[in-house]
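*Asks:* Just passing along the structure, written as structure tokens.
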């Protein structure tokens, strides 16, 4: 009997593992052979390509499909960027649209590898008239659709500004910083300067002219750099520092102010003006004089003798009020002029599916038809860039503060009283007086008969009868105007014998303040009093709307004016009998510290009683 051999599990595992190891080695050898075959195949393909096409191909050859078990190199992923905004024909956005498309094609060359794909993508981003024009080219199989550059050139003929250099030069000459930061001014300056052929010296001079007066003064003090870039950097640094100082001043005002004792008013001859007359409702108009010690200290430290701050002198102090001008006059007072439109009526503007009714004025001195820029932005009226900038001058010959007119509205359907209709384009300007101004060209074209006394317009011209009027002239000859109404229409209950006193019953006289006189009464405060800071009342949305209307109306009339004073009075609203809201300003704290003018007031009923008993 053979001897017993002990069982060894490790030997069995080695015998089982040997076939697995052999299979692994065979798979590795096969994979290596496949890689070598693939490399040889690629080399043969490259040689064959070099023989057939000596010049380098425009696009890389597509790699063969990957084999199982082989590691193929993948192309780098393309960045994901959004598509450019749609282009609907606005000339001002054409170059931005073209550059955005070129950037898309440059960052994603594999996605947009052929010219046909690029042209198709550009056509898909068009809207309105540009899209219809491109589709007609596609139906005609126009040659400009073969490459995207040719398509962009065809679009530039229609939608690029043909007078780009002239437009940029005009905009550059009229560009001003105003109250905005230098960074915003510099951005607009560089945008216009890129389209001009001006050298660095001319650009530097124009940039300095466009800066605000404060920055010009600072540059005159520190010196103007030699290059344009250094001037821009220095202007930005100075402007940032000035804004920081303004914030520091605004946040460092004292919690309370102590007013000096007011001196008695000085009697002035009405024929000679030596000091400005106090305006109505003027608080704290008197300023204490500096002591001799304080005046010496400010002079020693080079501080302003008016505000006590450094960096400027008394003559250039920004917080010092302007001195009164001595103007000889034949009378003691000059009445305040109140400008009102000569003829006002309503216009209905229609575009697409929108209708907007706005007040308009007739102005025979206007050189065109104008639309307020704020109204256009608020109501999203489509605008176009004018082919040539239009420079408007006011009565004294100076250009308007907003610069040349660069925008105009699309042709809008303009209706008057639903019977006089036409297509009209408006030049867009800043017009706070009226949303729409109808000028002399429109008056010459339609030649209406204007009855200024009765406030009526009659359209009887041949042009209106054939082009504008939708009904016979007899049915629509007269358009009533808002500014001129008949007396019996405004006051239906007024007896005819009182027509000579219409101004007594008219509210127009209450829309303006009386003129300043030598006996205007300022509001004097008690000596040593502190200006109170009014409390803030929470307001609901209806109250906020009434407040906005109240402020806008009184600012327009001139009853109130804007102020940067931290002191103020609160406002709240009380519901009236007709459920409307009456604004109430809380002046109780201010009235507690005012000097009261106590004198007997005659009662109106008593005066009437005396008048009835008079003999």
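None of the figures in this text is laboratory data; all of them are computed from the coordinates on show. What you are looking at is a predicted structure, and each value in this text was computed from that prediction instead of being measured. Glycine gets a Cβ as well: all are built from the backbone with ideal geometry, and neighbour counts include every protein chain shown.
*Asks:* With r defined as the distance between the Cβ atoms of residue 445 and residue 34 and R0 fixed at 56 Å, what FRET efficiency is calculated, to the nearest 0.05?
*Replies:* Approximately 0.10, to the nearest 0.05.
*Asks:* I would also like to ask the following. How far apart, in nm, are two points set 7 Å out from the Cα along the Cα-to-Cβ line at residue 310 and at residue 358?
*Replies:* Between residue 310 and residue 358, the simple spin-label model gives 5.2 nm.
*Asks:* Here is a further query. Test of understanding: ordering 450, 414 by Cβ neighbours within 10 Å, fewest first, what list do you get? Intermediate results must be reported in sequence, preceding the final value.
*Replies:* Working: 450 17, 414 22.
Sorted ascending by nearby Cβ count, the order is 450, 414.
*Asks:* With contacts defined as alpha carbon pairs under 8 Å and 6 or more residues apart, what's the relative contact order of the stretch 91-159 in percent?
*Replies:* Normalised by residue count, the contact order of the stretch 91-159 is 37 percent.
*Asks:* Using only the Cα atoms of the stretch 164-251, construct the convex hull and provide its projected area averaged over every direction, in square nanometres to one decimal.
*Replies:* One quarter of the hull surface, i.e. the mean projection, equals 5.6 nm².
*Asks:* Just rank 378, 101, fewest to most, by other beta-carbon atoms within 10 angstrom.
*Replies:* 378, 101
*Asks:* So what's the gap between the Cα centers of the stretch 572-586 and the stretch 145-175, to the nearest angstrom?
*Replies:* The two parts, judged by their Cα centres, are 56 Å apart.
*Asks:* Give the shape of the stretch 535-586 as rounded, prolate or oblate, defined through the alpha-carbon gyration tensor: a ≥ b ≥ c are the square roots of its eigenvalues, a/c under 1.5 means rounded, and otherwise the shape is prolate if a/b is larger than b/c and oblate if not. Walk me through the intermediate numbers first.
*Replies:* Numbers: a/c = 2.09, a/b = 1.34, b/c = 1.56.
Cα axes put the stretch 535-586 in the oblate bin.
*Asks:* Here's another thing I want to ask about it. Under 1.5 on a/c is rounded, so check that first for the stretch 91-159, then, if it is not, pick prolate when a/b is larger than b/c and oblate when it is not; a ≥ b ≥ c are the square roots of the alpha carbon gyration tensor eigenvalues. Mind showing how you got there, number by number?
*Replies:* On the way: a/c = 1.83, a/b = 1.19, b/c = 1.54.
Because a/c hits 1.5 or more and a/b fails to exceed b/c, the stretch 91-159 counts as oblate.
*Asks:* Right, something else. Under the classification rounded if a/c is under 1.5, otherwise prolate if a/b is larger than b/c and oblate if not, where does the stretch 526-613 fall, given a ≥ b ≥ c as square roots of the Cα gyration tensor eigenvalues?
*Replies:* Oblate, because a/c is 1.5 or more while a/b does not exceed b/c.
*Asks:* Return a whole-number percent for the relative contact order of the stretch 383-426, with Cα pairs under 8 Å and 6 or more residues apart as the contact set. If you can, show how the numbers build up before the last one.
*Replies:* On the way: 56 pairs, mean separation 15.0, N = 44.
RCO, the stretch 383-426: 34 percent.
*Asks:* Here's something else I'd like to know. Please arrange 613, 169, 115 by how many other C-beta atoms lie within 10 Å of their C-beta, fewest to most. Before the final figure, lay out the partial values.
*Replies:* On the way: 613 7, 169 19, 115 16.
The order, fewest Cβ neighbours first, is 613, 115, 169.
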